[in-house]
Amino acid sequence: MSITARELLQRYAAGERDFSGVDLSNVDLREGKLRGINLIGANISNSRLSWADLRDANLSKANLSGVELSSAKLNNAILSDTIFKNASMELAHLEGIILVGADLSGSLIRESGLNDANLEGANLRNTCLQQSSFLRANLRNANLEGADLLEAILDEANLEGANLTRLYSVYGSSWYHANLRGACIQETDWSMCRWDNTILPDGRVVTDED
C-alpha cells in the first residue's frame with residue numbers, strides 16, 4: 001500500500017502505530033527515478049514499519065526510537081543524526097544507508113545488509129549486529145562498545161578511531177582488509193575471528209597466519 005509522508009504523519013498523530021508493509025518510496029513518473037520521501041525531524045517512535053519500503057527516504061534528525069523495521073527496505077536512505085535507540089532492523093536492507101552521527105544504541109540489527117553504509121560517528125553501543133554485513137562500510141569514529149558482532153562481516157570496512165572495547169562477541173567475524181588504525185580494542189577476545197591484510201590500531205598489518 002503506497003502512502004505519502006503527510007498521510008503517515010497524520011495517521012501517526014491520530015494514534016495509529018502499525019504501518020507494516022507500507023510503500024513510502026516515490027517514483028518520479030516523468031523521469032522514472034526513485035525519489036525518497038522527506039521525513040526530516042519527524043517523530044514516528046514506537047511504530048511498526050516491518051516490510052516497509054523507505055528507499056532513498058530522508059529521515060535525518062527523526063525520532064525512530066523503538067521502531068520495528070524488520071525486513072524493511074532503507075537502501076540509500078539518509079538518517080544522519082537520527083535517534084534509533086532500541087529499534088529493530090532484523091533482516092533489513094540497509095545497503096548504502098547514511099547513518100552519520102545516528103544513535104542506534106541497544107538496537108537489534110541482526111542478519112542485515114549494511115554494505116557501503118556510512119556510519120561515521122554513529123553510536124552502536126550494546127547493539128546486536130550478529131551475522132550482519134558491513135562490507136566496505138564507513139565506521140570511522142563509531143562507538144561499538146559492548147556490541148555483538150557474532151559472525152559479522154566487516155571486510156574492507158573503515159573502523160579508524162572506532163571504539164571496539166568490551167565487544168560482546170566477535171566469534172566467526174571477518175575483518176579482511178579492514179582498517180582499525182587508531183581504534184580502541186581493549187577487553188575484547190579476538191581469538192576466534194578472521195584476519196587477512198587487516199590494519200591493526202598501531203598500523204601493523206596482520207593475517208590469520210601471523
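Listed values, structure above:
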| item | result |
| --- | --- |
| Test: residue in the range 135-147 that is open to solvent by less than 30 Å² (accessible area, probe 1.4 Å), at negative phi and in contact (Cβ under 8 Å) with a residue 24 or more places away in the chain | no |
| Filter result for Gly66 (over 22 Å from Ser133 (Cβ atoms) and in contact (Cβ under 8 Å) with a residue 12 or more places away in the chain) | yes |
| Selection count where residues are in a strand (DSSP E or B) and crowded, with 24+ Cβ neighbours inside 10 Å, scope the range 159-178 | 0 |
| Complete set of residues in the range 78-88 that are touching a strand residue (DSSP E or B) at 6+ places or on another chain (Cβ under 7 Å) and crowded, with 24+ Cβ neighbours inside 10 Å | Leu79, Phe84 |
| Test: residue in the range 94-116 that is surrounded by 24 or more Cβ atoms within 10 Å (Cβ to Cβ), among the polar types (S, T, N, Q), more than 19 Å from Glu16 (Cβ to Cβ) and more than 10 Å from the chain's Cα centre (by Cα) | no |
| Qualifying positions in the range 179-189 - assigned to a loop (DSSP other than H, G, I, E, B) and open to solvent by 40 Å² or more (accessible area, probe 1.4 Å) | Arg181, Gly182, Ile185, Gln186, Glu187, Asp189 |
| Test: residue in the range 172-179 that is in contact with a Phe, Trp or Tyr (Cβ under 7 Å, 6 or more places away or on another chain), farther than 14 Å from Glu120 by Cα and free of Cβ contacts under 8 Å to residues at least 40 places away in the same chain | yes |
| Per-region count, the range 54-103, residues under 24 Å from Ala13 (Cα atoms), among the β-branched types (Val, Ile, Thr) and outside any loop (DSSP other than H, G, I, E, B) | 2 |
| All positions within the range 168-183 that are touching a Leu at 6+ places or on another chain (Cβ under 6 Å) and under 14 Å from Leu144 (Cα atoms) | Ser169, Val170, Leu180, Ala183 |
| Residues of the range 134-150 satisfying the condition of being closer than 18 Å to Ser169 by Cα and either in a loop (DSSP other than H, G, I, E, B) or among the small types (Gly, Ala, Ser) (or both) | Phe134, Leu139, Ala142, Leu144, Glu145, Gly146, Ala147, Leu149, Leu150 |
| Flag for Ala57 being open to solvent by less than 20 Å² (accessible area, probe 1.4 Å) and modelled with pLDDT of 95 or more | no |
| Selection count where residues are open to solvent by 50 Å² or more (accessible area, probe 1.4 Å), under 25 Å from the mean Cα position of the chain (by Cα) and either within 17 Å of Ile37 (Cβ to Cβ) or touching a residue at least 60 places away in the same chain (Cβ under 8 Å) (or both), scope the range 2-19 | 3 |
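The values are calculated or read from the model by the stated rules, or taken from the named source; none is laboratory data. Since we're looking at a predicted model, the values are computed, not measured. No Cβ is skipped: glycine too gets one built from the backbone with ideal geometry, and neighbour counts run over all protein chains shown. Protein only, heavy atoms only, side chains kept; ligands, DNA and RNA dropped before computing areas. Shrake-Rupley method; radii C 1.70, N 1.55, O 1.52, S 1.80 Å.
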